[in-house]
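A.B. asks: Submitted below is the structure of interest, expressed as structure tokens.
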Amino acid sequence: MIYRHAAIGLVALLSLAGAASAAECPAGALGTSRTLTLDPAKVSRVGGGPDYGTPILEDHEVILTFDDGPTPPWTGKVLDALAAECVHATFFTVGTMARAHPALLKRVLADGHTIGTHSEHHAHIPKLPYKAATKEISDGFTTAGKSLDDQTAVAPFFRFPYLESTRATETYAAATGIVIWNIDFHASDWTLLTPEVLANRAIDKIEQKKRGILLLHDIHQRTALALPIILQELKKRGYKIVHAVPVPGAHVNFEVAAKIDPWGAKVAPLRSSRAKASPSFDGGAVEDWPAQH
């Protein structure tokens with residue numbers, strides 16, 4: 001494995017990395033090459049290929065993203081590794097995790113990272129009735145804002161759990177000013193892999209496409225241990241890290257939700273290859289779908 005030697009002393013590196021802040025970037029750090037500002041009025045979805053959203057990255061540019069946290073101690077170790085290389089990422093927090101660990105989520109923000117959301121309970125959105133599905137989305141944003149003591153600190157960025165949506169929920173997201181995030185590659189870090197194998201998979205996937213959005217999860221020890229290896233290898237191979245932020249003043253407007261016609265949203269054209277066709281209306285209440293008649 002190309003990462004065997006890089007793994008030596010990794011635990012020590014993680015324990016010391018927190019000393020490095022954005023204002024104290026060590027010589028030779030990977031760094032963040034540029035900040036990419038996304039305007040929800042112009043870009044409603046990113047990642048996952050040209051059928052899903054507007055291309056936003058150049059050759060050898062990568063956006064780092066982390067789902068499902070925060071959770072101690074691994075989110076903290078991930079933050080340490082990012083700080084050691086002076087790079088910024090986007091964290092898609094789950095509402096229940098944000099509520100359980102508000103101080104850790106505040107550290108994510110204080111370290112300069114972008115905070116998006118990943119639903120309130122990591123729900124499988126296509127299996128929920130319309131009202132429950134949209135509540136999962138809105139509650140995730142509300143909980144993150146309360147945990148940060150600042151609703152405006154939450155970016156209008158959302159990633160569907162399991163990367164699965166419906167016509168109706170994508171229509172809802174677009175109407176409320178949410179940028180839907182997909183991915184371009186992942187490292188299967190939810191499986192039982194060694195940090196070395198995980199890092200190897202991530203780099204191999206990145207090398208196949210040469211640019212894109214990387215999905216990782218800040219809730220796993222293996223991810224925290226693999227991240228420094230990934231960052232070192234990206235630096236060695238000439239990759240650049242891009243940090244995505246919303247345009248100033250962008251926010252989620254859930255007041256428009258009451259004006260959305262659920263039936264119209266159900267039959268709207270599929271907006272991406274990941275979206276699921278909403279179940280057909282069979283005469284019951286519109287919100288009683290799917291499979292709850």
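The values are calculated or read from the model by the stated rules, or taken from the named source; none is laboratory data. Only a predicted model underlies this, so the values are computations on that prediction, with no experimental measurement involved. Cβ: placed from backbone, ideal geometry, glycine included. Neighbour counts: every protein chain shown. All accessible areas refer to the heavy atoms of the entire protein, side chains included, with ligands and DNA or RNA removed. Shrake-Rupley method; radii C 1.70, N 1.55, O 1.52, S 1.80 Å.
A.B. asks: Mind ranking 255, 85 by accessible surface for me, highest first, 1.4 Å probe?
C.D. replies: Details: 255 150, 85 25 Å².
Most to least solvent-accessible, the answer reads 255, 85.
A.B. asks: Please work out, to two decimal places, the log10 of the ratio I(q)/I(0) at q = 0.14 Å⁻¹ from a Debye calculation in which every Cα of segment 70-177 carries one identical scatterer.
C.D. replies: Computed log10 I(q)/I(0) values: -0.53.
A.B. asks: Could you give me D for segment 132-236, from Stokes-Einstein at 10 °C and 1.306 mPa s, where the hydrodynamic radius is the Kirkwood radius over C-alpha pairs? Units µm² s⁻¹, please. Working shown, then result.
C.D. replies: Working: Rh = 15.7 Å.
Answer from the Stokes-Einstein relation: 101 µm²/s.
A.B. asks: Same structure, new question: Which value, in Å² and to the nearest 10, is the accessible area of residue 147 when all protein chains are kept and the probe is 1.4 Å?
C.D. replies: Estimated to the nearest 10 Å², residue 147 gives 10 Å².
A.B. asks: OK, next. Could you tell me the distance between the Cα centroids of segment 55-74 and segment 156-172, to the nearest Å?
C.D. replies: 18 Å
A.B. asks: Shifting gears a bit: Distance from a point 7 Å along Cα→Cβ of residue 151 to each backbone N in segment 167-197: keep the residues under 20 Å and list them by number.
C.D. replies: Hits in segment 167-197 for residue 151 at 20 Å: 172-180.
A.B. asks: Quick one: order 42, 77, 135 from most to least accessible surface, probe 1.4 Å.
C.D. replies: Descending accessible area places them as 42, 135, 77.
A.B. asks: Which of the chymotrypsin sites (Phe, Trp or Tyr not before Pro) found in segment 25-119 are in a DSSP loop and have at most 14 neighbouring Cβ atoms, other than their own, within 10 Å?
C.D. replies: none
A.B. asks: While we're on this one: Which chymotrypsin sites (Phe, Trp or Tyr not before Pro) in segment 107-202 pass both tests, a DSSP loop state and at most 16 other beta-carbon atoms within 10 Å?
C.D. replies: Details: sites: 130, 141, 157, 158, 162, 172, 181, 185, 190; in loops: 190.
Those satisfying the criteria are 190.
A.B. asks: Kindly state, to the nearest 0.05, the FRET efficiency for residue 110 paired with residue 37, given R0 = 22 Å and r defined as their beta-carbon distance.
C.D. replies: On the way: r = 21 Å, r/R0 = 0.93.
Computed FRET efficiency for residue 110 and residue 37: 0.60.
A.B. asks: Does segment 87-130 come out rounded, prolate or oblate, given a ≥ b ≥ c as the square roots of the eigenvalues of its C-alpha gyration tensor, rounded meaning a/c under 1.5 and, failing that, prolate meaning a/b above b/c?
C.D. replies: Judged from the Cα gyration tensor, segment 87-130 comes out oblate (a/c at least 1.5, b/c at or above a/b).
A.B. asks: Compute the signed sum of charges (Lys and Arg +1, Asp and Glu -1) over the other residues within less than 11 Å, Cβ to Cβ, of residue 67.
C.D. replies: -2
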